[in-house]
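Step one of this worksheet: look at the structure below.
The values are calculated or read from the model by the stated rules, or taken from the named source; none is laboratory data. From a predicted model like this one, the values you see are computed outputs, not experimental measurements. Positions of Cβ are backbone-derived with ideal geometry, glycine not excepted, and every protein chain shown enters the neighbour counts. The protein model used for the area step is the full one, side chains on, heavy atoms only, and it has no ligands, DNA or RNA in it. Shrake-Rupley method; radii C 1.70, N 1.55, O 1.52, S 1.80 Å.
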Amino acid sequence: MTKPKIAFFDFTSCEGCQLTVVDLLQTHLGLLDLVEIVQFREAMTEKGEDYQIAFIEGSCTRESDEERLYKIREQADLVVALGACAHLGGVNAMKNRWSIENVQTYVYGENGKDNYESYGARPISAVIKVDAAIPGCPIDRFEFLKIVQMVLQGRTPKLPDYPLCVECKLKENGCLNTMGKPCLGPITRAGCNAICPTYGDGCEACRGFAPEANFEYMREILRGHGLSEEDIDARFSMFNHYQLMQMGEDAPLSKPIVEPDAPLPTSTFAAPQEN
Amino acid sequence: MSLYILSKEQLGEFVEKLQAKFRVVGPVRTEYGYAFDDITKPEQLELNYSTTILPPKKYFLPQREVLFEFESETDDKGLRSYEVRPIFQEVEPTVIFGVHTCDMHGITLYDRVFAEGYRDEHYVERRENTYIIGMECLTPCDDASFCKDMGTLSAPQVYDLHMTPMNDHYMVDTGTERGEKLLLDHVYVEMARKEDIQQLGQVLSSKWPRFKMRLKVTRDQTPSLLTLGYKAKLWEELGEKCLACGSCTNVCPTCFCFDVQDEMDINMTDGERSRVWDSCQLREFALVAGGHNFRDTKASRVRHRVMRKGKYIKQVHGITGCVGCGRCERACLVNITIPGTINNLHDEMHPEPEKA
């Protein structure tokens, strides 16, 4: 059997998902008996272009990135979105709340919009056809392995379609929502083995919403924690801004998700303004 | 069978002696309450606990259990053959302390499902290697309990030993011969005298008023109420609220549904088949090839669960499918409860006549 050739690509992201793959290879070297990696900037110098499966990390945030995506799609038999940014748009899409000009000025300074290209962040499925997604921020290494195996068997990769609560219960974690900590587990797609709640942090829905997410009652639960409507909106949209935008008027939010001229947050982390 | 007296001071010694030969588990304190877990030091055992998130069913039907391993070979013609090797994960002889009466009723049902008729060898292996030490409940765990309604306030015959807390000792009833041997071989106990037995009788009879009834109908009337209310509006209301998170079934001491999954080894020729807990509250549970879902709406799934608990399981296995432990109520973030559902269904089906 000839080994399928695979390649990794990155767009707007922190590259943490690719790092997870590198990490996986330390313990599961057998993966290299199944596939041949021909391009992986984070792990090798060579750049093969004859790949069959493309793993793409990151969201698309520039029009000029589209060309590169089309090229990958043209070459690859299968395209797999790797991680929350590629799968959902992820945290990058938070900026979509404001007009792109306002964001460019805010981030890059006065002449930002002339010097730096940008547009609304989007998942790669908004640009090209995607065959499978591996959710999470970052991805779960074992889920990655499982999905690679499914792809190699010619099966359609399948993600759990139930909420995270299932995994918390199976591990007998105390429920954070009943212990005074807001947790989005009830509306979030499972598959990470409830890693954040297991260590005491509420889920932030990085894996995307479960297909039957009950936003109305999730909001009710979060109100019970004393959270404001605005805070609840922010939690819902942290990783899923793009998805909520796509829902239009049905978005389970207290106010419109796009406010082109809303005041931009004051943050010490913003880049210094150019003189 | 026989009643013995175990002084509270001797409990630690009993546990320590057992630890030499057995895996000892029981209720321990956690950051959120209590859980059944391994006891490494006798003082960890919290026999005066209220309730746990998961019932002790996890020791008989683990959350994930490997059933068999397989190896495959592909011949010259490309045909694949499999060699299958059943796996009985070695079950260490185990003693479970502190099993409340409701949970013992859950185990009674498990025995009917997994050990009678078709014998599930994996279950039987675990069951036979596990001693159950019951704990009599003298006060309700909390307001979510409705064991009295469900008739589970007395121990069924599944225990090896059953303890009732008295002032300075436990009255220990032996339910099986192996249970009696377990007790006598590991700690010094005295036979209960006539006055001890009288005292036990008083303690047991005086506990009943402490437990409240919560249901507007008896458990014998529940099946017919559910038949009558199959098309009630209530189910739609509950379906709206339900998070479809499956917590109610995962924490239930009588829920036994599991999914069977194959996992390939990284070499892509070998692998294992395991079973994992499944839930009728999840969308995929009744989804079949071709895409049809027999219970596509949350309303139909909530109804199905209550039908199972109050009617279907009794029809099939002869025991009510709910033991009134209240775990599903504690786990539900949107307050869907068995007593609330039964009572609201009763009200919808039997409206109060308007006063003239």
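Return the residues of segment A:150-173 that are in a helix (DSSP H, G or I), farther than 21 Å from A:TYR217 by Cα and touching a helix residue (DSSP H, G or I) at 6+ places or on another chain (Cβ under 8 Å); say none if nothing qualifies.
So the first thing to find is which residues in segment A:150-173 are in a helix (DSSP H, G or I), and the list is A:150-152, A:165-170.
Then drop every residue that is not farther than 21 Å from A:TYR217 by Cα, which leaves A:150-152, A:170.
Within segment A:150-173, A:LEU152, A:LEU170 qualify.
Assigned to a helix (DSSP H, G or I) and of a type in the set (Gly, Ala, Ser): which single residue out of B:GLY321, B:GLY310 fits that description?
On the way: B:GLY321 fails: assigned to a helix (DSSP H, G or I).
Exactly one residue qualifies, and that residue is B:GLY310.
Could you say which residue among A:GLU172, A:GLU259 is more than 19 Å from A:ALA84 (Cβ to Cβ), surrounded by fewer than 18 Cβ atoms within 10 Å (Cβ to Cβ), among the acidic types (Asp, Glu) and not assigned by TED's automatic domain parsing to the domain that holds A:GLY120?
A:GLU259
Of the conditions (1) assigned to a loop (DSSP other than H, G, I, E, B); (2) within 14 Å of chain B (Cβ to nearest Cβ), A:LYS146 fails just one. Which one is it?
Of the numbered conditions (1) assigned to a loop (DSSP other than H, G, I, E, B); (2) within 14 Å of chain B (Cβ to nearest Cβ), the odd one out for A:LYS146 is (1).
Pull out all pairs, ordered by first then second residue, where Cβ-Cβ is under 6 Å, the residues are six or more apart or on different chains, the first lies in segment B:156-185 and is under 27 Å from B:VAL323 (Cα atoms) and among the hydroxyl-bearing types (Ser, Thr, Tyr), and the second is modelled with pLDDT under 95 and open to solvent by 10 Å² or more (accessible area, probe 1.4 Å).
Qualifying pairs under 6 Å: B:THR174/B:MET1; B:THR174/B:SER2.
Yes or no, residue by residue, for (1) surrounded by 19 or more Cβ atoms within 10 Å (Cβ to Cβ); (2) without any contact (Cβ under 8 Å) to a residue 12 or more places away in the chain; (3) in the same structural domain as A:SER237 (by TED's automatic domain parsing):
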position	(1), (2), (3)
A:LEU24	no, no, no
A:ARG41	no, no, no
A:ILE56	yes, no, no
A:SER64	no, no, no
A:GLU67	no, yes, no
A:ALA86	yes, no, no
A:VAL91	yes, no, no
A:VAL103	yes, no, no
A:ASN111	no, no, no
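Do you know which of the residues in segment B:200-239 that are crowded, with 17+ Cβ neighbours inside 10 Å and over 26 Å from the mean Cα position of the chain (by Cα) is farthest from B:ARG303 (Cα to Cα)?
Among those residues, the one meeting the criterion is B:LEU200.
Quick one: B:VAL113 ticks every box in (1) open to solvent by less than 20 Å² (accessible area, probe 1.4 Å); (2) within 17 Å of the chain's Cα centre (by Cα) bar one, so which box is it?
The single condition B:VAL113 does not satisfy is (1).
Looking at segment B:292-307 only, could you name the residues that are within 13 Å of chain A (Cβ to nearest Cβ) and in a loop (DSSP other than H, G, I, E, B)?
As a first pass, look at segment B:292-307 and keep what is within 13 Å of chain A (Cβ to nearest Cβ): B:293, B:295-302.
Passing the criteria: B:ARG295, B:ASP296, B:THR297.
Residues are listed down the side, and each one gets a yes or a no for (1) open to solvent by 30 Å² or more (accessible area, probe 1.4 Å); (2) more than 30 Å from A:GLU67 (Cα to Cα); (3) more than 14 Å from chain B (Cβ to nearest Cβ); (4) of a type outside the set (Lys, Arg):
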residue	(1), (2), (3), (4)
A:ASP131	yes, no, yes, yes
A:VAL166	no, yes, no, yes
A:THR178	yes, yes, no, yes
A:LYS181	yes, yes, no, no
A:TYR199	yes, yes, no, yes
A:ILE221	no, yes, no, yes
A:ASP231	yes, yes, yes, yes
A:ALA234	yes, yes, yes, yes
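Does B:GLU46 fit the bill of being at pLDDT below 95 and outside any helix (DSSP H, G or I)?
The answer is no for B:GLU46.
Which residues, counting only those in segment B:241-281, are open to solvent by less than 30 Å² (accessible area, probe 1.4 Å), among the polar types (S, T, N, Q) and within 8 Å of chain A (Cβ to nearest Cβ)?
Within segment B:241-281, B:SER247, B:ASN250, B:SER279 qualify.
Considering each of B:LEU67, B:LEU54 in turn, give the residue that is aliphatic (A, V, I, L, M) and part of a loop (DSSP other than H, G, I, E, B). Before the answer, list the steps.
On the way: B:LEU67 fails: part of a loop (DSSP other than H, G, I, E, B).
Every option except B:LEU54 fails the conditions.
Within segment B:132-149, how many residues are farther than 15 Å from B:LYS207 by Cα and either open to solvent by 40 Å² or more (accessible area, probe 1.4 Å) or under 14 Å from the mean Cα position of the chain (by Cα) (or both)?
Final tally of qualifying residues: 3.
Say we look at segment B:29-47 and pick out the residues that are closer than 26 Å to A:ASN177 by Cα and not acidic (Asp, Glu); which of these is nearest to the other protein chains (Cβ to nearest Cβ)?
Across segment B:29-47, the extreme among qualifying residues is B:TYR32.
For segment B:84-110, name all the residues that are over 18 Å from B:ARG178 (Cα atoms), acidic (Asp, Glu) and more than 17 Å from the chain's Cα centre (by Cα).
B:GLU90, the sole residue that qualifies.
Checking A:CYS206 against (1) away from chain B (no Cβ under 14 Å); (2) crowded, with 23+ Cβ neighbours inside 10 Å; (3) under 30 Å from B:ASN267 (Cβ atoms), which test does it fail?
Only one criterion is unmet by A:CYS206, namely (3).
Checking the conditions here, which among B:GLU121, B:GLU190, B:GLU195 is of a type in the set (Asp, Glu), open to solvent by 80 Å² or more (accessible area, probe 1.4 Å) and closer than 30 Å to B:PRO86 by Cβ?
After ruling out the rest, the residue left standing is B:GLU121.
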